[in-house]
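Engineer: Could you have a look at this structure, given as structure tokens, before my questions?
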Amino acid sequence: MTHIRAMTRNDVDDVSRLLGASWRRTYSPIMGASTAARLSDDRHTPEALATELEDEDNMSFVAERGDGSIAGYAMAVMDKQGDVMLERLHIEPQEFGSGLAADLLHAVLAAHAGLPSIALEVIEGNDRAVAFYRKHGFEVVERRQAAHGVGGHASLIMRRLLARA
């Protein structure tokens with residue numbers, strides 16, 4: 001049984017490990033192992049995650065198992081215009097198909113209720129993620145050059161309307 005809660009400073013080491021493994025597993029086949037590792041190593045350090053936690057425009061959640069281990073993580077960012085972007089949603093592979101990713105997504109959506117919509121960017125080729133987000137009401141609204149230093153790859157911007165509170 002897992003519990004979704006706000007991420008704390010105590011979670012950064014576990015989340016850093018989860019993100020690093022997830023990035024390598026997901027993106028190595030798309031962009032190559034060295035690029036995936038380099039990008040993850042640059043962005044997913046415990047120090048970087050701790051800094052993100054201090055930013056009041058970021059909202060991070062973890063899925064914690066009964067034994068205290070972290071099984072998943074999600075983070076959304078609100079920009080200066082009030083638009084929300086789901087920046088990350090990662091779960092341990094043994095949780096695939098368990099509903100845990102949906103639980104994390106719903107925590108993010110509930111935290112932003114009352115806003116018009118939420119968007120995300122997914123690198124083309126991450127078919128599992130695209131299918132998951134489509135299943136949960138996101139639609140592709142744009143195709144563009146991938147962000148995050150992933151040169152030579154396209155990404156899809158997907159958006160979902162949120163229910164008004």
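Engineer: For the range 126-148, name all the residues that are modelled with pLDDT under 90, within 21 Å of ARG25 (Cβ to Cβ) and either in contact with a strand residue (DSSP E or B) (Cβ under 7 Å, 6 or more places away or on another chain) or in a helix (DSSP H, G or I) (or both).
Structural biologist: Within the range 126-148, ALA146, ALA147 qualify.
Engineer: Report the residue count in the range 1-55 for those that are in a helix (DSSP H, G or I) and under 24 Å from ALA107 (Cα atoms).
Structural biologist: Total meeting the criteria: 25.
Engineer: A further question on this structure: Could you grab me the full set of residues in the range 121-140 that are of a type in the set (A, V, I, L, M, F, W, C) and either surrounded by 12 or more Cβ atoms within 10 Å (Cβ to Cβ) or at positive phi (or both)?
Structural biologist: VAL122, ILE123, ALA129, VAL130, PHE132, PHE138, VAL140
Engineer: Also, quick follow-up: What are the pairs, 6+ residues apart or on separate chains, where a residue within the range 88-106 that is closer than 20 Å to TYR27 by Cα and aliphatic (A, V, I, L, M) has its Cβ under 7 Å from a residue that is surrounded by fewer than 19 Cβ atoms within 10 Å (Cβ to Cβ) and modelled with pLDDT of 95 or more?
Structural biologist: ALA101/PHE132
Engineer: Is the range 76-98 home to any residue that is surrounded by 15 or more Cβ atoms within 10 Å (Cβ to Cβ), under 25 Å from ASN126 (Cα atoms) and of a type in the set (Lys, Arg)?
Structural biologist: So far as the range 76-98 goes, yes, one or more of its residues are surrounded by 15 or more Cβ atoms within 10 Å (Cβ to Cβ), under 25 Å from ASN126 (Cα atoms) and of a type in the set (Lys, Arg).
Engineer: Continuing with this model, one more query. Between LEU18, LEU39, which is under 25 Å from ALA154 (Cα atoms), at pLDDT 95 or above and surrounded by 15 or more Cβ atoms within 10 Å (Cβ to Cβ)?
Structural biologist: Unique residue meeting the criteria: LEU18.
Engineer: Exactly one condition in (1) more than 30 Å from ASN10 (Cα to Cα); (2) among the aliphatic types (A, V, I, L, M); (3) surrounded by 14 or more Cβ atoms within 10 Å (Cβ to Cβ) is false for LEU104; which is it?
Structural biologist: (1)
Engineer: What's the total number of residues in the range 52-101 that are touching a Phe, Trp or Tyr at 6+ places or on another chain (Cβ under 8 Å) and over 14 Å from VAL15 (Cβ atoms)?
Structural biologist: Residues that pass the stated criteria total 1.
Engineer: Identify, from the list LEU120, LEU115, the residue that is assigned to a loop (DSSP other than H, G, I, E, B), out of contact with any helix residue (DSSP H, G or I) (no Cβ under 6 Å at 6 or more places or on another chain), over 18 Å from THR8 (Cα atoms) and in contact (Cβ under 8 Å) with a residue 12 or more places away in the chain.
Structural biologist: Testing whether each residue is assigned to a loop (DSSP other than H, G, I, E, B), out of contact with any helix residue (DSSP H, G or I) (no Cβ under 6 Å at 6 or more places or on another chain), over 18 Å from THR8 (Cα atoms) and in contact (Cβ under 8 Å) with a residue 12 or more places away in the chain leaves just LEU115.
Engineer: Consider only pairs whose beta carbons are under 7 Å apart and that are at least six residues apart or on different chains; among these, list those whose first residue lies in the range 13-29 and is more than 12 Å from LEU39 (Cα to Cα) and whose second residue is among the hydrophobic types (A, V, I, L, M, F, W, C) and outside any helix (DSSP H, G or I).
Structural biologist: ASP14/ILE70; VAL15/MET7; VAL15/VAL62; VAL15/ILE70; LEU18/ILE70
Engineer: Which members of the range 50-74 meet the condition of being of a type in the set (A, V, I, L, M, F, W, C) and either surrounded by fewer than 13 Cβ atoms within 10 Å (Cβ to Cβ) or free of Cβ contacts under 8 Å to residues at least 40 places away in the same chain (or both)?
Structural biologist: ALA74
The values are calculated or read from the model by the stated rules, or taken from the named source; none is laboratory data. From a predicted model like this one, the values you see are computed outputs, not experimental measurements. Cβ sites come from the backbone with ideal geometry, for glycine too, and all protein chains shown count toward neighbours.
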